[in-house]
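The values are calculated or read from the model by the stated rules, or taken from the named source; none is laboratory data. These numbers come from a predicted model, not from an experiment. Using ideal geometry, Cβ is built from the backbone for each residue, glycine included, and neighbour counts are taken over all protein chains shown. We work out accessible area using only protein heavy atoms, side chains counted, and drop any ligands, DNA or RNA first. Shrake-Rupley method; radii C 1.70, N 1.55, O 1.52, S 1.80 Å.
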Amino acid sequence: MKGVNVFPFERGFDNFDFAAYDSLLDFKPDIIVIRYGENVDASTVESDNLKIASLNFMNYFFEDRPSKVIVTTTFWNNAITNDQLRRLAAEQNWELVELSDLGDYQENMAIGKFDNVGVATHPGDLGMERIANRIFSGLKKYIK
């Protein structure tokens with residue numbers, strides 16, 4: 001199992017140099033979970049650019065990738081980003097896990113645990129548990 005922070009891809013997906021993640025080239029996972037989008041600047045998303053960049057990102061590292069791929073929507077609803085993530089999953093016949101409704105409820109956030117409002121609106125313990133449970137529900141289809 002390997003977790004990789006792809007914040008730089010999220011912020012510059014339109015002209016991203018995939019070589020920044022060449023350490024992934026030798027990694028041959030059985031299942032891939034695409035879990036990003038919150039850091040995508042919605043004003044940079046147009047036409048199919050995020051969907052195409054995401055597919056190119058996957059193909060760069062996992063040209064012979066497994067057919068077992070899970071894509072999630074964002075925690076905070078971002079309609080244009082989520083639309084492209086949903087279409088990516090549908091067009092590639094990948095599993096989609098919806099998360100955006102979780103961001104509609106403060107109980108899923110860390111409200112009251114941090115002075116900084118931006119930090120406090122991130123998923124708290126309950127929100128993280130719910131995210132994990134939903135992703136695991138998608139994973140169960142592939143685990144024998």
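A simple spin-label model places the labels of LYS2 and ASN59 2.1 nm from each other, with each point 7 Å out along Cα-to-Cβ.
Computed from phi, the 3J(HN,Hα) profile of segment 79-93 under the Karplus parametrisation 6.51, -1.76, 1.60 (θ = phi - 60°) reads 3, 5, 5, 5, 4, 6, 5, 5, 5, 4, 4, 5, 5, 9, 6 Hz, with x in place of Gly and Pro.
Largest GNM mean-square fluctuation across ASN56, ASN15, ASN39, computed for the chain with C-alpha springs under 10 Å, falls on ASN15.
Where the only charges are on Cβ atoms (+1 Lys, Arg; -1 Asp, Glu), what is the dipole of the chain about its Cα centre, to the nearest 20 debye?
Numbers: 15 positive and 22 negative charges, 124 e Å.
About 600 debye.
Rounded to the nearest 500 deg cm²/dmol, what is the calculated helix-only ellipticity per residue at 222 nm for the chain, with -39500 (n - 2.57) per DSSP H run of length n ≥ 4?
-11000 deg cm²/dmol
Lys-Lys pairs in the chain that are eight or more residues apart or on separate chains and whose Cα atoms lie under 25 Å of each other come to 16. Remark on VAL33: its backbone amide H falls under 5 Å from those of ILE70, a criterion applied only to residues 5 or more positions apart or on other chains, H modelled at 1.01 Å from N.
Let me test this: with uniform point scatterers at the alpha carbons of segment 1-142, what is the Debye-based log₁₀ I(q)/I(0) at q = 0.10, 0.19 1/Å? Evaluating at q = 0.10, 0.19 Å⁻¹ gives log10 I(q)/I(0) of -0.35, -1.23. Here TYR36 sits with roughly 20 square angstrom of accessible surface, probe radius 1.4 Å.
On full extension, the segment bounded by GLN92 and LYS28 gains 21.2 nm, given 0.36 nm per residue less the C-alpha separation.
Only protein atoms count toward the accessible area here, which uses a 1.4 Å probe; on the chain, the carbon and sulfur part of that area reaches 50 percent.
Taking 8 Å as the Cα distance limit and 6 or more residues as the minimum spacing, I'd like the relative contact order of the chain as a percentage. Write down the numbers at each step before the final one.
Values: 185 pairs, mean separation 28.2, N = 144.
Normalised by residue count, the contact order of the chain is 20 percent.
Neighbours of ASP41 by Cβ distance under 14 Å: Lys/Arg scored +1, Asp/Glu scored -1, total -3. Accessible area per residue for the chain is 58 Å², calculated with a 1.4 Å probe on protein heavy atoms, without ligands, DNA or RNA.
Here's how it looks for LEU96: its modeled amide H is under 5 Å from those of VAL71, which are all 5 or more places away or on a different chain. Placing a label point 7 Å from the Cα of ASN15 along the Cα-to-Cβ direction, the residues of segment 32-47 whose backbone N falls under 20 Å from that point are 40-47.
Remind me, relative contact order of segment 48-108 in percent, using alpha carbon pairs under 8 angstrom and six or more residues apart?
Working: 66 pairs, mean separation 22.7, N = 61.
The value is 37 percent.
Protein-only accessible surface at a 1.4 angstrom probe places the residues PHE62, PHE114 in the order PHE114, PHE62, largest first.
Taking a ≥ b ≥ c as the square roots of the Cα gyration tensor eigenvalues, with a/c under 1.5 meaning rounded and otherwise prolate when a/b beats b/c, else oblate, which class fits segment 103-144? Walk me through the intermediate numbers first.
Details: a/c = 4.10, a/b = 3.47, b/c = 1.18.
Prolate shape, in that a/c is at least 1.5 and a/b is the bigger ratio.
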